[in-house]
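Peer 1: I have a structure I would like to understand better, so I am pasting it below and will then ask my questions one at a time.
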Amino acid sequence: VAGMAGAVLPGCECASVPVAGALVRRGVTPAAALAFLLSAPAINPVVLTATAVAFPHHPEMVVGRFAASLLVACAMGWLWQRLGRTDWLRPPAYARYDGRSKGAAFWGSVRHDVMHAGGFLVLGAMAAATLKAVAPADWLRTAAGNPLAAVGALAVLAVLLSICSEADAFVAASLTQFSLMAKLVFLVVGPMIDLKLFAMQAGTFGRGFALRFAPTTFVLAIAGAVLIGAVLL
């Protein structure tokens, strides 16, 4: 249910982290909040529409992105439910608004989440911009010739570029030298784990959580995209 809830909230991955943190603060089980965190930026209508526009002759890319992203989001939620430990997840910090009106509490929460998440977003974006400026373009052309290398290259590229999920389909479509399978991996990995997301997750839930959650998400996102891609593409 939490994974499917991501389909009705248009937004990018930068917004999903503070929203997931707020859900945990309100008492939602972390497994469900994490499933929502991963699905919301990947399967919402805005992202799927952008994917359809970017791949007008390949509607299977839209279906593949939806199916693979939802599968991975739910798998990560179930995995956390089975294996996650409470001491790995630092409770998100929050300010108390006892005795204040609902409006004051609302705007206070908005300011807190924006200021808290914004700093880590800026740090992650700075790192991504630096890597985009120094990464040699020849590496991509070399990797595109090998199917396995192509999948790995675009998975890593999705992490390094840290592109908003509402625009990444157009970047994927422009990588004409790569297969549809590799492009699907790019579209599934990017909204789930990149540099700015790692920074924001570490700032919201703690570095110990991010160091465990990010690599696991990366591996499952590749596996889920390859599995769905093998069926649909």
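Peer 1: Spin-label point model (7 Å from Cα, Cβ direction): what's the Val53 to Asp138 distance in nm?
Peer 2: Result: 3.7 nm between the two label points.
Peer 1: Let me ask something else. So if I take the centroid of the Cα atoms in the stretch 170-220 and the same for the stretch 36-76, what is the distance between those two points in Å?
Peer 2: 14
Peer 1: If you don't mind, another one. So if R0 is 41 Å, what FRET efficiency would Asn146 and Thr86 give, r being the distance between their Cβ atoms, rounded to the nearest 0.05?
Peer 2: Using R0 = 41 Å, I get an efficiency of 0.45.
Peer 1: Need one number: nm distance between label points at Phe170 and Leu211, each 7 Å from Cα along Cα→Cβ, rounded to one decimal.
Peer 2: Result for the modelled spin labels: 3.9 nm.
Peer 1: Give the calculated FRET efficiency between Val28 and Val8 to the nearest 0.05, with a Förster radius of 22 Å applied to their Cβ-Cβ distance. All intermediate terms of the calculation are to be shown ahead of the outcome.
Peer 2: Working: r = 16 Å, r/R0 = 0.73.
Efficiency for this residue pair is about 0.85.
No value in this document is a laboratory result; all are computed from the given coordinates. Nothing here was measured: the structure is a model prediction, and the numbers come from that model. Quick reminder, even Gly has a Cβ in these numbers, built from the backbone with ideal geometry, and neighbours come from all protein chains shown.
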